[in-house]
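What follows is a structure written as structure tokens; I'll ask about it next.
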Amino acid sequence: MSYTVNMCKRVCVQELIALFLILLIVVVPCCADEVIRFRVQSPQFSTWVRDYRIISQKMWTVQPGDCIEYDVYLNCCAQGIGGIDIVNSDGTRWRDMPGWNDQNSIPGNPNADISAYAYGKWYHRRLVAPLEAIGKTISRFEIAVDGYYGDYKLLSCQYDNIVITNGGSTVLAVYQDGTPDYIGLDFKRGVETEDLLYGPIRKPNTRIGAFLFYWYDAPYNNANPSLMPYHPYGLVGDPWVGYNNGYYSMLNQYWWEAEFADMRKAGVDIAALICWGDHDSVANYMVPALERSGCGIKIAMFDDTTSECCEWNVDQGRSYYPHEKMPLENPANWVYFYDRKIKPFFQAVPKKYWATHNGASLEEGGRPIIITYTAAWFTGVSSSGTALWQWIKDRFAADFRDANGNGIVPWVIHDNSWFQQGGAGAADGRYAWGAATCWGISYELGGYRVTSIGPGYDDRLIRSPGSYADRYDGRRLISSFNGQQAFVSNLIMLETWNELWEGTSVQRCKDYPKSTGGYFPETYYIDTSRELVESSVGLRELDATFLRTWEIPETFKRGSVISVNVRNDGLLPWIAGNYSLGGRLLDSSTGAVIPGTEKVLATLGQTVLSGDEVSIGFNLPSDWPSTTACLLQLDMVQGSTWFASLGDQPVTKSINLQPSDNIAPSRVSNFLAVAGQKRITLSWRNPSTSDFRSTVIRMSTSGYPSSISSGTLVAHRPAAPNSNDSCIVENLTPGITYYFSAFAQDAVGNVSGSRNASAVPVADTSPPGPVSNFRASFLTMNDVVLTWTNPLDADYRQTVIRYATSGYPTSPTDGFPVCLQNLLPGSTGSFVHEDLIQGRTYYYSAFTCDADSNYSQAAHASITVMLINCSTVKLLPDNVEVELRGCVVTGIYPECGGFYIEQPDRAAGIRVAGSAGGLQVGDVVDVVGTINTYRPDLQTPVERELRGTVTKTGHVSPLEPFMMNCRSVGGEAVLPYVPGVNDPYGPNNIGLLVKIVGRVTQTLGYYLLVDDGSNVRDLEGRIGVLVSCPGYPPTNLTGRTVAVTGVVCGSRPIGWQTNRRFIRIRDWNDLLVLN
């Protein structure tokens, strides 16, 4: 094993904590009871996404010393989320004002990147009002998403305590609780979907569940990859390290642990296990996995009613298959439900792991959840279904009792089919199986709402012809997890976690495909699910996850020192001195707390931020009773409030208490220190003493630490006896001698003598790697967006971009500055270089550097800013902002939803979408908007078009048409954006006003075919250019010579791969019969 310690980061975190505590006390509370949640989804193709939402119209005249302060929590690691913009009454925006930065020098512009401080944790921002804003009157406050994204990326965050302060006192509360004083849209672009919610940090009593299938036993049974559209690790011939180098099998305890860990990452509280009667796998593998992992997942039963019908058919002398429906009219058949399925399932799962309908304990009224599959396998549902399930509830209450001796009644959630057949009178909840093929299904029964959601469906590998519901790159899951719908649900069920044959899984898979090619990251749906939960239902303020609980031994001796690892998965930081680790002993038979054993075991000596992990050591209380077998329950405590009382899951372990032990383990051996660049690598072998528990390493620069409490802690490494271990100490000062002492500890805290080693780190002269995927592309006709991926080097610090117009800058000081961004290793960066000069080529060089100012080689990108006219604007990708000025209207076609303009020199023309609004041919116009692709059927691209605001600036004589032969009409495509025509000849001229002369070869309703001897043919063999008339043309035109004036338009019939030659005349004056 290896372990990295970042000494510099520890100092920075302590300083940040100190600052945080000052702000916490002086300015505002870190987090109120309610927050604003803002969630935006980007489109498929990368573009600049901007969504600015007004959340207050409170007026304020800015004074010297005013500061904007707020708390923000990012649900995803990305640039351009979590920002705030302020608009003054004169229309100026703070985002555009120089000098508006927060306490960490991050710009106030919403496009800035605060993820290093706010991803997965609350970040208190303090931004001093810029000088330019002093004396101005604020008219509105806005929250914003502003960045360059694609691939349907989900962008979300939470805001709280938005205030203006001066001198440490709040002078204006913008938002602190409840509903914002105003909700409205300022502007947006490039947004696929969005949600803005406000309410509790965590909606009370909302649980997230997922259907978990445990019928796979790789590599032997039910694990054929060829029958699965998507593939997890650990299938046939593919053991995975995440399953302890084992397989995807219900008989592998490590498989259960890994799935439960990923469920927690996805924000799932409840695993609804599909039950076909295999209770041994549950008892022998699933339950020990819950015990070892301490993950907090609770277990519900998903009764796949197919199995009851199959078992009944077997007992009737048939095979295990639902050949005939099982009659519910015969009460003798009810045992297939309860005695063979439900009772043994709940006997196999300890009560402490039962999922309840409201998250409460059994003693506090929580009822264990049973979810049923379809009623289609049975007869007599209407007459006997209600009686069956009431009988099951009565039997259950007689067989299972809580710690107070009260009978437990299950909470039955029926599939919709039980209601449709009139057999759901005993139901407590209602849901519908099949949500994976829909866009979310929600039912409410008696005030209890269940919402079912899913990512898509594909069973075509196991059924013919099968069914298919496209995942749409995650959009189906995102859309079905509607923020408002989720917010009012008691239970949200993911369909499914891992139904591999029907392609409904959200679990970790290697090959979830992108529609644009390639694959999503293996945890894409896990990460998406968690972000959906965080941005709608929310997270708990106080949520502790006990990690690696199998490291807690089962046998303790009096005086034992125990260490547990806990992660803060809540939204609030655990402030040193205010939070503690609590413990109590439970009776192993009843689960009741043994009186007098509830204790605070250790108080935190350091603040633990949201998302961080801490190791807590404690001694067993000396006054705990001398009982050999009991249950140890550990929980975090705030003041006198135990987290479990707020719905969190404590960890419970079976332990034995033994007499005291004062014999220390042997010392470690082979302790070595090897120097590197600003780092030292330590390695050692742990002692073979049987009760060895961990190795503690301390460090000093003045000599070897003499005890386990002297010097600075470098590592506390729980490990097995006689094992090898290592760690790396980072960010050390070159030329200084560092002294290390290693101490071995046993389970009760006895400490061995030390082993010593020292080394002198050298200076870091190695630069980080260069950026990758460095690209320059147009955002607007004068603005270029630069995008790149930063290197993975751990010491990467920042990216510097320079530009020149004569060639690539050769150093970080050559050329002119573009941007300097401090980002995380492996993160993506972006920056908009604005107001570039048309006709020039810009050469960009990107350099990365580390903390020692070692600069990488340059990565290069270049782009030529074109002179914008009707011809060059077509070369830009969709959604780029453009301005075309001084163009002349050449054709107006209301029936086609647009009109055409040309530049005055007649070199090119282009379609403008929308109504001409009183314009006429010859009008001079300016168009400000975006360039896009016209798709008449919403799918097939036929020509480029402008969308935006059209302003008339004058009028001139109508432009003359451009004379050309029939072969030249349409012209060649200009890849990748400009479509051409079939069998093209010459330059592209779609959008241009032209004139042709030729013979009419055929009339087709409103259309003519005209040929001048070019003999051009369409795909159906017809000769001539197709001409669209305002109505039926004159009779007897075939064979006559005509002159045709009109605009060349895009037109692609169904089944064609390119446009046909197509001219649309404006009125009958454009058709002149010459003979």
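The values are calculated or read from the model by the stated rules, or taken from the named source; none is laboratory data. This one's a predicted model, so the numbers in the text were calculated from it and none came from an experiment. Counting neighbours? That spans all protein chains shown, and the Cβs are built from the backbone with ideal geometry, glycine included.
Per-residue answers, yes or no, for (1) touching a residue at least 24 places away in the same chain (Cβ under 8 Å); (2) outside the structural domain of ASN790 (by TED's automatic domain parsing); (3) surrounded by fewer than 16 Cβ atoms within 10 Å (Cβ to Cβ); (4) in contact with a Ser or Thr (Cβ under 9 Å, 6 or more places away or on another chain):
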{"site": "SER694", "(1), (2), (3), (4)": "yes, yes, no, yes"}
{"site": "ARG698", "(1), (2), (3), (4)": "yes, yes, no, yes"}
{"site": "GLY703", "(1), (2), (3), (4)": "yes, yes, yes, no"}
{"site": "CYS727", "(1), (2), (3), (4)": "yes, yes, no, yes"}
{"site": "THR737", "(1), (2), (3), (4)": "yes, yes, yes, yes"}
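Follow-up. What tally of residues in segment 491-521 results from selecting those that are buried (at least 19 other Cβ atoms within 10 Å of the Cβ) and more than 19 Å from ASN75 (Cβ to Cβ)?
Residues flagged as buried (at least 19 other Cβ atoms within 10 Å of the Cβ) and more than 19 Å from ASN75 (Cβ to Cβ) within segment 491-521 amount to 17.
For segment 306-338, give me the residue count where each residue is of a type in the set (Asp, Glu) and in contact (Cβ under 8 Å) with a residue 24 or more places away in the chain.
3
Among (1) among the polar types (S, T, N, Q); (2) under 25 Å from ASP793 (Cα atoms); (3) out of contact with any strand residue (DSSP E or B) (no Cβ under 8 Å at 6 or more places or on another chain), where does ASN731 come up short?
(3) is the only condition that ASN731 fails.
Looking at the structure I just gave you, is LEU946 surrounded by fewer than 22 Cβ atoms within 10 Å (Cβ to Cβ) and either within 21 Å of VAL1025 (Cα to Cα) or assigned by TED's automatic domain parsing to the domain that holds PRO1053 (or both)?
No: the conditions fail for LEU946.
Checking GLY753 against (1) out of contact with any strand residue (DSSP E or B) (no Cβ under 6 Å at 6 or more places or on another chain); (2) modelled with pLDDT of 90 or more; (3) part of a loop (DSSP other than H, G, I, E, B), which single condition isn't satisfied?
GLY753 satisfies every listed condition except (3).
Identify all residues within segment 797-852 that are among the basic types (Lys, Arg) and surrounded by 15 or more Cβ atoms within 10 Å (Cβ to Cβ); write none if there are none.
Those that are among the basic types (Lys, Arg) and surrounded by 15 or more Cβ atoms within 10 Å (Cβ to Cβ): ARG797, ARG802.
GLY503 fails exactly one of the following numbered conditions: (1) modelled with pLDDT under 90; (2) on the phi > 0 side of the Ramachandran plot. What is the number of that condition?
(1)
Mind telling me which of the residues TYR704, TYR796, TYR738 ends up being modelled with pLDDT of 95 or more and within 28 Å of ALA116 (Cβ to Cβ)? Talk me through it step by step, then tell me what you get.
On the way: TYR704 fails: within 28 Å of ALA116 (Cβ to Cβ); TYR796 fails: modelled with pLDDT of 95 or more.
Among TYR704, TYR796, TYR738, only TYR738 is modelled with pLDDT of 95 or more and within 28 Å of ALA116 (Cβ to Cβ).
So if I check each of THR516, THR504, THR496, which one is farther than 28 Å from TRP255 by Cβ and polar (S, T, N, Q)?
Sole residue among the options that is farther than 28 Å from TRP255 by Cβ and polar (S, T, N, Q): THR516.
Do you know which residues across segment 62-78 are over 18 Å from LEU131 (Cα atoms) and in contact with a helix residue (DSSP H, G or I) (Cβ under 7 Å, 6 or more places away or on another chain)?
Looking only at segment 62-78, we keep the residues that are over 18 Å from LEU131 (Cα atoms), and these are 70-78.
Residues satisfying the conditions are VAL72, TYR73, LEU74, ASN75, CYS76, CYS77, ALA78.
Consider ASP278 carefully, then state whether it is of a type outside the set (A, V, I, L, M, F, W, C) and outside the structural domain of PRO344 (by TED's automatic domain parsing).
The answer is yes for ASP278.
Only one residue in THR765, THR787 is touching a residue at least 60 places away in the same chain (Cβ under 8 Å), of a type outside the set (A, V, I, L, M) and assigned to a loop (DSSP other than H, G, I, E, B). Which one?
After ruling out the rest, the residue left standing is THR765.
Right, here's the next one. So which strands (runs of 3 or more DSSP E) are wholly in segment 47-127 and hold at least 2 residues that are closer than 24 Å to PHE187 by Cβ and of a type in the set (Asp, Glu)?
Filter on segment 47-127 gives an empty set.
Give the residue, chosen from TYR123, TYR152, TYR175, TYR159, that is touching a Lys or Arg at 6+ places or on another chain (Cβ under 9 Å), over 30 Å from PRO513 (Cβ atoms) and among the hydroxyl-bearing types (Ser, Thr, Tyr).
On the way: TYR123 fails: touching a Lys or Arg at 6+ places or on another chain (Cβ under 9 Å); TYR152 fails: over 30 Å from PRO513 (Cβ atoms); TYR175 fails: touching a Lys or Arg at 6+ places or on another chain (Cβ under 9 Å).
Every option except TYR159 fails the conditions.
Can you spot a residue in segment 1043-1053 that is surrounded by fewer than 23 Cβ atoms within 10 Å (Cβ to Cβ) and on the phi > 0 side of the Ramachandran plot?
For segment 1043-1053, residues surrounded by fewer than 23 Cβ atoms within 10 Å (Cβ to Cβ) and on the phi > 0 side of the Ramachandran plot: absent.
Shifting gears a bit: Residue by residue through segment 394-416, note down the ones that are surrounded by fewer than 21 Cβ atoms within 10 Å (Cβ to Cβ) and closer than 27 Å to THR496 by Cα.
VAL409, ASN416, listed by residue number.
Next question, about the same structure. Would you say PRO936 is assigned to a loop (DSSP other than H, G, I, E, B) and under 17 Å from ARG1064 (Cβ atoms)?
In short, yes.
In the list VAL1048, VAL1000, which residue meets the criterion of being assigned by TED's automatic domain parsing to the domain that holds ARG935, within 23 Å of GLY909 (Cα to Cα) and either of a type outside the set (Asp, Glu) or in contact with a Cys (Cβ under 9 Å, 6 or more places away or on another chain) (or both)?
Testing whether each residue is assigned by TED's automatic domain parsing to the domain that holds ARG935, within 23 Å of GLY909 (Cα to Cα) and either of a type outside the set (Asp, Glu) or in contact with a Cys (Cβ under 9 Å, 6 or more places away or on another chain) (or both) leaves just VAL1048.
Now for a separate question. I'd like the full set of residues that are within 30 Å of VAL888 (Cβ to Cβ) and in a loop (DSSP other than H, G, I, E, B), limited to segment 857-871.
VAL865, MET866, LEU867, ILE868, ASN869, CYS870, SER871
Looking only at segment 917-925, decide whether some residue is under 18 Å from GLY991 (Cα atoms) and either outside the structural domain of GLY898 (by TED's automatic domain parsing) or surrounded by fewer than 14 Cβ atoms within 10 Å (Cβ to Cβ) (or both).
Looking through segment 917-925, at least one residue is under 18 Å from GLY991 (Cα atoms) and either outside the structural domain of GLY898 (by TED's automatic domain parsing) or surrounded by fewer than 14 Cβ atoms within 10 Å (Cβ to Cβ) (or both).
Among the candidates TYR338, TYR321, which residue alone is surrounded by 15 or more Cβ atoms within 10 Å (Cβ to Cβ) and of a type outside the set (Asp, Glu)?
TYR338
From the residues in segment 115-163 that are under 19 Å from the mean Cα position of the chain (by Cα) and of a type in the set (Lys, Arg), which one is modelled with the lowest pLDDT?
So in segment 115-163, the residues under 19 Å from the mean Cα position of the chain (by Cα) come out as 115-122, 144-159.
Now drop any that are not of a type in the set (Lys, Arg), which leaves 121, 153.
Numbers: LYS121: 80, LYS153: 85.
Within segment 115-163, the match that is modelled with the lowest pLDDT is LYS121.
A follow-up question, please. Is segment 764-771 home to any residue that is more than 32 Å from the chain's Cα centre (by Cα), surrounded by fewer than 20 Cβ atoms within 10 Å (Cβ to Cβ) and not charged (D, E, K, R)?
Yes, some residue in segment 764-771 is more than 32 Å from the chain's Cα centre (by Cα), surrounded by fewer than 20 Cβ atoms within 10 Å (Cβ to Cβ) and not charged (D, E, K, R).
I've got another one for you. Of all residues in segment 986-1013 being modelled with pLDDT of 95 or more, at negative phi and in a loop (DSSP other than H, G, I, E, B), which is surrounded by the fewest Cβ atoms within 10 Å (Cβ to Cβ)?
Filtering first and then ranking leaves PRO987.
Could you name every one of the strands (runs of 3 or more DSSP E) located completely within segment 804-856 that has at least 3 residues being without any contact (Cβ under 8 Å) to a residue 40 or more places away in the chain?
By residue number, 816-821.
One residue is enough: does segment 914-933 have a residue meeting the conditions over 28 Å from LEU1071 (Cβ atoms), assigned to a loop (DSSP other than H, G, I, E, B), modelled with pLDDT under 95 and aliphatic (A, V, I, L, M)? Spell out the reasoning first.
Step one: filter segment 914-933 for residues over 28 Å from LEU1071 (Cβ atoms), giving 926-933.
This time we only want the ones that are assigned to a loop (DSSP other than H, G, I, E, B), so: none.
No: segment 914-933 contains no residue that is over 28 Å from LEU1071 (Cβ atoms), assigned to a loop (DSSP other than H, G, I, E, B), modelled with pLDDT under 95 and aliphatic (A, V, I, L, M).
Moving on. Only residues that are of a type in the set (S, T, N, Q) and in contact (Cβ under 8 Å) with a residue 24 or more places away in the chain: list them for segment 1019-1037, please.
SER1028
Now a separate question. Checking SER669 against (1) at pLDDT below 90; (2) surrounded by fewer than 16 Cβ atoms within 10 Å (Cβ to Cβ), only one condition comes out false. Which one?
Only one criterion is unmet by SER669, namely (1).
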